[in-house]
Amino acid sequence: MTPQIALPILIPLLSGTLSLLFWRSRSMQRFIAVAGTAGLLLTGLWLLATVQRDGIQVMHMGSWTAPFGISLVADLLGAIMVVLTGIIGLAVALFSLATVGRGHEAYGYFPLMHLLLAGVAGAFLTGDIFNLYVWFEVMLVASFALLILGSEKAQMEGAIKYVTLNLVSSVTFLVAVGLLYGMVGTLNMADIARRLATLEDDGMVDVLAMMFMVAFGIKAAAFPLFFWLPASYHTPPVAVSALFAGLLTKVGVYALYRVFTLIFHHSPGYTHEILLWGAGLTMLSGVLGAAAQFEFRRILSFHIVSQIGYMILGLALFTPLAIIGGVFYIIHHIIVKTNLFLVSGIVHRLRGTYQLASLGGFYRSHPWLAVLFLIPALSLAGMPPLSGFFAKFIVIRAGIEAEAYGVTFIALLVGLLTLYSMIKIWAEVFWKAAPEEELEAVPAVEPRAMWLMSATVAGLALCTLFIGLNAGPIYALAEASAGQLLAPERYIEAVLGSGIEPGTAGEGTP
Amino acid sequence: MEPLIAVAIGILFAAAVYMMLRRSIVKLVIGLMLISNAANLLIFATAGMVRGAPPLVPEGLSAPVGPVADPLPQALVLTAIVIAFGVLSFAVVLVRRAWEIVGADDLDKMRDTDT
């Protein structure tokens, strides 16, 4: 019995239910938020340690054997993602204590946050394609509600685009699942992978692969389907933005990694070539969009899009080194991006605006905040010795080795333009003198809230430094995870057991 | 039976896309409803259209006799209907709130967050 596979899903569900029971008690909800996310992080680490020691872990729900029941499967990539979910969940919960405020908390901010984390963890751990759809919906419904908490005009406008495009993506996903079931007659991902390998009808398989690519591409905000992201991510309270920025698009990227390494890896000349150009255009359009923006969170939103391109590039090159780079990039990006959003939250809390033109002088008034911004910002741009340097280095090295020079050139160029965007924020917010214009008076920040916000940001900055200075062990982890992704037969064997012939799986058992 | 259902699903998808491309947010929601129903019907059709053949195993045998309907897609459709119901009720409320707050039901007037 290995409870740690199910616990990362059960803990957020349970803490969400508990905080609903304590609807009126603000202090209790805040306590559960921190305790629940800390528990999620701890079980995530436990799971990762187990998977590293004993290989891929599988749990059959209700003891229904593999192709029939729903299986939870934790391989290294899934376990790493759960650990990152725990880190981001804990950081955002702590930051929320200081910034979210009574109004949002009274309308169920914390229960929704737990539900979102449960959906994200479920998507990372499920081994059943329809179950993946269900977790996506759990995550989406929670994110819809979080996105419009507060009911401001911009939130409504952003939410309509976010809801519509994500529903279209869900429908595409659902249709693809239905057609896939019609072809292979199973929903277990390992079983699908095994049976697709024996199918003759290549054309239909490619059509299905494209449907999954479109569905997950919308979730991951890949070119040309990313428009919902910069239209909505800068509208909700900053803690919500940070949570979305860190986790939601990465669920789409994770699903792409899972599906295009396990199920649709038979014709990489077709599917992965399309992914490759999608990745290049995603990087380029994201970073150019960011260059045109002068609002703190909108710049960061466009950079999510461009960074997604690097992760998909790792998958699209489909060499061992490229997959290692992609996994490393995901680890680095989730932490850095959330951290940058949290820094923008502190700036907003101190000055009451996100417009770069109205900000300034922070280097003089808050030098420590400037340092805390520089660490994730330079890491995002890929400066050594921070985590982003190694992530970019591996991906670009893989691109050169695979002789995909065009896309590699784009990746290098985008790194430079990312640096430009970060320098723009640095110059406008921190370096230039504070503008003369009178801003709306912002209520003074309590020292305790300030301490909590800074501690959260500093903690995530330490994570970035840790990844950068400890690149060796993290690289080894990414390498082991890429090894599992590129050997789908190990995943299939772990789920279905060895020695089952196609078509006779579990005859006579329930 | 299958070709008829396939054509019906195609018409539903076409109608849904047409509605979603219009500017009014109410029509947008109607489009979302149609498209989720089209998807449900499509999954239902993947089970195969078999009449009056429930997937029951007669006593004494270990497999059902003759072709039977696959029960799993029907279970999937039930799940998908429930999820779509929840999400669409949210969308309806969202559209109403958006209309109250923005004061328009025209998507072209909701471009503040775009550029």
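Things to note:
- Residues in the range B:64-103 that are more than 10 Å from chain A (Cβ to nearest Cβ) and modelled with pLDDT under 90: B:Pro64, B:Val65, B:Gly66, B:Pro67, B:Val68, B:Ala69, B:Pro71, B:Gln74.
- Residue within the range A:218-226 that is within 20 Å of B:Ala16 (Cβ to Cβ) and within 11 Å of another protein chain (Cβ to nearest Cβ) present: no
- Residues in the range B:45-74 that are free of Cβ contacts under 8 Å to residues at least 40 places away in the same chain, surrounded by 13 or more Cβ atoms within 10 Å (Cβ to Cβ) and aliphatic (A, V, I, L, M): B:Ala47, B:Val50, B:Ala53, B:Val68, B:Ala69, B:Leu72.
- Flag if A:Ala118 is open to solvent by less than 10 Å² (accessible area, probe 1.4 Å), more than 25 Å from B:Thr113 (Cα to Cα), touching a helix residue (DSSP H, G or I) at 6+ places or on another chain (Cβ under 7 Å) and more than 14 Å from chain B (Cβ to nearest Cβ): yes
- Against the numbered list (1) modelled with pLDDT of 90 or more; (2) open to solvent by less than 10 Å² (accessible area, probe 1.4 Å), A:Val238 comes up short only at (2).
- Some residue of the range B:28-42 being open to solvent by 80 Å² or more (accessible area, probe 1.4 Å) and either free of Cβ contacts under 8 Å to residues at least 12 places away in the same chain or within 19 Å of A:Met183 (Cα to Cα) (or both): no
- Enumerated helices (runs of 4 or more DSSP H) restricted to the range A:1-102, each holding at least 3 residues that are open to solvent by 20 Å² or more (accessible area, probe 1.4 Å) and over 23 Å from A:Pro237 (Cα atoms): A:7-21, A:26-54
- Annotation note: Cβ proximity below 7 Å between a residue of the range A:147-160 that is within 7 Å of chain B (Cβ to nearest Cβ) and of a type in the set (A, V, I, L, M) and a residue that is open to solvent by 30 Å² or more (accessible area, probe 1.4 Å) and outside any helix (DSSP H, G or I) (sequence gap 6+ or interchain) occurs for A:Ala154/B:Asp112.
- Scan of the range A:134-146 for residues that are in contact with a Leu (Cβ under 9 Å, 6 or more places away or on another chain), open to solvent by 10 Å² or more (accessible area, probe 1.4 Å) and within 10 Å of chain B (Cβ to nearest Cβ), ordered by number: A:Val138, A:Val141, A:Ala145
- Yes/no for A:Ile299 being out of contact with any Leu (no Cβ under 7 Å at 6 or more places or on another chain), surrounded by fewer than 24 Cβ atoms within 10 Å (Cβ to Cβ) and touching a residue at least 40 places away in the same chain (Cβ under 8 Å): no
- Residues that are touching a Phe, Trp or Tyr at 6+ places or on another chain (Cβ under 7 Å) and not in a helix (DSSP H, G or I), drawn from the range A:356-385: A:Gly382, A:Met383
- Qualifying helices (runs of 4 or more DSSP H) (wholly inside the range A:144-252; at least 1 residues being over 24 Å from the mean Cα position of the chain (by Cα) and within 30 Å of A:Arg102 (Cβ to Cβ)): A:153-184
The values are calculated or read from the model by the stated rules, or taken from the named source; none is laboratory data. Just so we're clear, the structure is a prediction, and the values are computed from it rather than from any experiment. Note that we place each Cβ from the backbone using ideal geometry, even for glycine, and neighbour counts take in every protein chain shown. Note: areas computed on protein heavy atoms with side chains; ligands, DNA, RNA excluded. Shrake-Rupley method; radii C 1.70, N 1.55, O 1.52, S 1.80 Å.
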